[in-house]
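J.: Following this message is one structure expressed as structure tokens.
The values are calculated or read from the model by the stated rules, or taken from the named source; none is laboratory data. As the structure is a prediction and not an experimental result, all values here were calculated from the model. Because the Cβ atoms are built from the backbone with ideal geometry, glycine has one as well, and the counts that use them run over all protein chains shown. Surface accessibility is based on the protein's heavy atoms, side chains included, excluding ligands, DNA and RNA. Shrake-Rupley method; radii C 1.70, N 1.55, O 1.52, S 1.80 Å.
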Amino acid sequence: MGTRTAAIDAYIAKAPAFAQPILEKIREAFHAGCPDVEEKVKWGHASFEYKGMLGGMAAFKRHVAFGFWKARLMEDFDKIFQRGKASFMQGGRAETPADLPAKKVLVAYVKEAKRLNDEGIKEPVRAKPKRPVKVQVPPELTALLKKSAKARTTFDGFSPSHRKEYVEWIIEAKRDETREKRLATTIQWLEEGKHRMWKYERKA
């Protein structure tokens with residue numbers, strides 16, 4: 001059988017008064033849809049587990065958010081998911097108990113989440129965000145940028161990849177004369193608002 005913990009009792013008791021009945025209704029739906037659910041507090045919010053994460057709920061100043069761990073794999077038949085918005089585990093939100101879907105609807109969502117865990121269905125691996133490109137600006141370029149506010153403004157406004165194009169072009173120069181020439185050209189082009197590969201842009 002599932003468990004009801006004092007930690008969740010305390011979480012609900014400490015929530016704003018408007019949120020308490022909403023949290024209770026969500027809690028009941030999780031237990032009705034998954035009798036073996038276990039309650040825990042994770043990341044400061046109430047969570048429900050069954051063969052892994054099932055879903056959770058969280059009280060905020062003006063609303064309650066609730067959601068399901070594998071929401072991306074669930075059919076949103078009652079259109080409760082706040083897709084594309086900041087929400088807890090991708091789910092719904094409510095400011096009053098009346099904002100919640102009917103209990104049978106919530107229970108149906110819980111049962112669907114339970115089925116996914118029963119069948120061991122996992123979410124597709126999410127691509128890791130790319131690390132920002134680090135650009136180590138050569139001292140010579142830094143000195144020249146300090147002398148030209150216009151060039152510095154352009155350079156600072158560029159994306160890391162565009163700044164890197166100029167930096168690599170300069171440091172790849174094998175001769176001092178070539179390096180000096182590229183530094184001068186860089187400042188000129190920056191003052192004109194051009195990126196390193198501006199010559200290859202398609203003309204309208």
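J.: Can you pull out the residues in region 146-182 that are outside any helix (DSSP H, G or I) and either under 34 Å from the mean Cα position of the chain (by Cα) or free of Cβ contacts under 8 Å to residues at least 24 places away in the same chain (or both)?
T.: Answer for region 146-182, where residues must be outside any helix (DSSP H, G or I) and either under 34 Å from the mean Cα position of the chain (by Cα) or free of Cβ contacts under 8 Å to residues at least 24 places away in the same chain (or both): PHE158, SER159, GLU172, ALA173, LYS174, ARG175.
J.: Residues that are modelled with pLDDT of 95 or more, over 26 Å from ILE121 (Cβ atoms) and open to solvent by less than 40 Å² (accessible area, probe 1.4 Å): does region 61-74 have at least one?
T.: Looking through region 61-74, none of the residues is modelled with pLDDT of 95 or more, over 26 Å from ILE121 (Cβ atoms) and open to solvent by less than 40 Å² (accessible area, probe 1.4 Å).
J.: Right, here's the next one. When you scan region 150-204, how many residues do you find that are open to solvent by 40 Å² or more (accessible area, probe 1.4 Å) and hydroxyl-bearing (Ser, Thr, Tyr)?
T.: Final tally of qualifying residues: 5.
J.: If you don't mind, there's one more thing I want to ask. Would you confirm whether any residue within region 116-132 is modelled with pLDDT of 90 or more, crowded, with 17+ Cβ neighbours inside 10 Å, within 30 Å of PRO21 (Cα to Cα) and in contact with a Leu (Cβ under 9 Å, 6 or more places away or on another chain)?
T.: Within region 116-132 (the criterion being modelled with pLDDT of 90 or more, crowded, with 17+ Cβ neighbours inside 10 Å, within 30 Å of PRO21 (Cα to Cα) and in contact with a Leu (Cβ under 9 Å, 6 or more places away or on another chain)), the answer is yes, since at least one residue qualifies.
J.: Follow-up. For the list (1) at pLDDT below 90; (2) aromatic (Phe, Trp, Tyr); (3) closer than 30 Å to ALA59 by Cα, I need the number of the one condition that TYR200 fails.
T.: (3)
J.: While we're here: Condition first: among the charged types (D, E, K, R), modelled with pLDDT under 90 and under 30 Å from ALA65 (Cα atoms). Can you find one or more residues in region 93-112 that meet it?
T.: yes
J.: Return yes or no: is THR185 assigned to a helix (DSSP H, G or I), farther than 18 Å from VAL137 by Cβ and either modelled with pLDDT of 90 or more or in contact with a strand residue (DSSP E or B) (Cβ under 7 Å, 6 or more places away or on another chain) (or both)?
T.: no
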